[in-house]
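Okay, so here's the structure we're looking at.
No value in this document is a laboratory result; all are computed from the given coordinates. Note that the structure is predicted; figures quoted are calculated from it, not measured. Positions of Cβ are generated from backbone atoms using ideal geometry, with glycine treated the same way; all protein chains shown enter the neighbour counts.
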Amino acid sequence: MKAPLDVPRSLLAEVLAWCSGIAYGVMLYVVVLDTGRELTGVRLLPTALLAVLLLPLVPRRPLPALALLLTVSFAATVRADSAMAAWLGPAGSTPPAETQAWQVAYLQAVLSDLTVGWIAATRSRLTAAVAAVVALGMQIGGAGYYREGTSSFLAASVFLALMMVTAWTVGHSVRERRRHTADLRARAAEQAVVAERLRIARELHDMVAHSIGVIAIQAGVGRRVIDTQPSEARNALAAIEDTSRDTLAGLRRMLGALRQVDPEDGAPLRPAPVFADLDGLVERTRDAGVQVDIEWLGERRALPTEIELSGYRIVQESITNVVRHSGASACRVIIDYQETDLFIEITDEGRGSSGLPGAAGYGLTGMRERAALLHGEFTAGPRSEGGFRVAARLPLPVAVT
């Protein structure tokens, strides 16, 4: 949904782009009309400089811009040819206006080819092919006004065709490369999501496997002693109830990794990191050349391990992105304890692209997955005043409020 001021602003930009394109056609015709008798290559400089007027229109409306350019180019070529006929020199000499006629035509052909290349890079293959054929037809049609003789006309036509094919091929290659890059990014993002979910599943395994094992053992004990030792059976059922409640709470929050394996050194299982481990993270980051300031808001209190683990990972990944990609020398972390939510914000004043290595944003994908699995919210993007901002809201269970 566009803001109320965006529509008039966009409309104004559209009108100015069209005015600029129309001004190009009018001024080009005036320049060709007011050439005089001494026609040299230097006199074509104004017509080349006028091409700047097409820049606002071509990216917005490439097809209408091409139609306007072809119409103006054909008219300019015909006008230059008529000037040649009016200013004939001595018998047997080459009229000066003839030189300007083909120079004007080729200059306009270059502009048309560049526009076709842009269309090939931004539009479908069929649209680009039709635009190229129409443009080439107009260019060859104009060649009949400044080339006499079959051989001269064929040479000009072949040259124009080669230029058009080159422009279309380059533009099409750019489009294919861009589409291939987009496919790779989408595939990599999907793989990042799958990898993140598998990693979270491994973290869940420790808690779930242990809990289910305890429940199975207690259920077996209760079944065997329920007739002979009712009190022991009652204790087993109480243990099952407590264990299942704890496990269910973790499953509802979709994250319950209590221990993890270090993939680098093969160390045994160790407790998962929590907010208390942020001091070590800050120290290591300072050694890497980035100052991290952590501000704690609200009343600090014990949170479920899965929430602190997820919050720690979000802070860790954000700081890692600052170190690797932002170019900033410092960043700020705010952790706000509220009654029902935990708010985390990481900001820096770098290049505004932290967290987007290779323009893919795999780290952001993992953080977004963690927040979503906890039924939270996650946002990330460049700040208007410069730098980058990562923010997450993680709901807190009622038991800890």
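For each of His180, His172, count neighbouring Cβ atoms within 10 Å of the residue's Cβ, then give the residues from fewest to most. Don't skip to the answer; put the middle values down first.
On the way: His180 10, His172 18.
By the 10 Å Cβ count, ascending, the order reads His180, His172.
Near Ala330, the amide H atoms lying under 5 Å from its own belong to Gln291, Glu349; only residues 5 or more places off or on other chains count, and H is placed 1.01 Å from N. Residue by residue, region 139-147 carries 3J(HN,Hα) couplings of 5, 5, x, x, 5, x, 8, 10, 10 Hz when phi is fed to the Karplus relation 6.51 cos²θ - 1.76 cosθ + 1.60 (θ = phi - 60°); x denotes Gly or Pro.
For region 162-176, putting each phi into the Karplus relation 6.51 cos²θ - 1.76 cosθ + 1.60 with θ = phi - 60° gives couplings of 4, 4, 5, 4, 4, 4, 5, 5, 4, x, 5, 5, 4, 5, 5 Hz, in residue order, rounded to whole numbers and with x for Gly and Pro. Coupling constants for region 11-24 follow from the phi torsions by the Karplus curve (6.51 cos²θ - 1.76 cosθ + 1.60, θ = phi - 60°), and in residue order they are 5, 5, 5, 5, 5, 5, 5, 5, 4, 5, x, 5, 4, 4 Hz; glycine and proline get x. Think of region 272-400 as having a plus end and a minus end, set by charges on the Cβ of Lys, Arg, Asp and Glu; of Pro382, Ala371, Val290, Pro382 sits farthest toward the positive end of this dipole. Taking amide H positions as modeled 1.01 Å from N, with prolines and chain starts lacking one, the residues under 5 Å from Leu396 and 5 or more places away or on another chain are Asp341, Leu342. Here's how it looks for Gly298: its modeled amide H is under 5 Å from those of Tyr337, which are all 5 or more places away or on a different chain. A crude spin-label estimate for the pair Glu377 and Asp341, with each label 7 Å from Cα along the Cβ direction, gives 0.5 nm. Ranked for footprinting exposure by Cβ neighbours inside 10 Å, fewest first, Ser112, Ser318 give Ser112, Ser318. Using a simple spin-label model with pseudo-atoms 7 Å out from Cα toward Cβ, Glu176 and Gln229 lie 7.7 nm apart.
Under the shape rule built on the C-alpha gyration tensor, where the axes satisfy a ≥ b ≥ c, region 272-400 is prolate, since a/c reaches at least 1.5 and a/b is greater than b/c.
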